[in-house]
1. Being of a type in the set (A, V, I, L, M, F, W, C) and surrounded by fewer than 10 Cβ atoms within 10 Å (Cβ to Cβ) is the filter here; which residues of the stretch 1-24 pass it?
2. Which one of LEU27, LEU34, LEU63, LEU53 is surrounded by fewer than 10 Cβ atoms within 10 Å (Cβ to Cβ), out of contact with any Phe, Trp or Tyr (no Cβ under 6 Å at 6 or more places or on another chain) and assigned to a helix (DSSP H, G or I)?
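Bear in mind that the values in this text are calculations on the coordinates, not laboratory data. None of the values given here were measured: they were computed from a predicted structure. With ideal geometry, Cβ positions are generated from the backbone for all residues, glycine too; neighbour counts draw on all protein chains shown.
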Amino acid sequence: MTILFISTGEVVMLLFAVLMLFGPDRLPGFVRSLAKGIRTVKNAQADLTQQMLSEEPTAIKDLKDAVEDIKSDIEGVVPRKK
């Protein structure tokens, strides 16, 4: 099992180091804080994605309008060959 290029043995060693560093008394609080931080990042990512998706159609429409304006300006100056 590899998660983000970390093998199972490395995960076990990391968990053991965290247990030794924080101790069994503070470990639940640490895990709770870590989960809250991950949840905050996921919520921010979801909000940003939703915002980008809701603004995309208007941005594309504005871009199409600008291209059409430039196209009509060019066609007004340069005659079109048939």
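1. MET1, ILE3, LEU4, PHE5, MET20
2. None of the others qualify; the one that does is LEU53.
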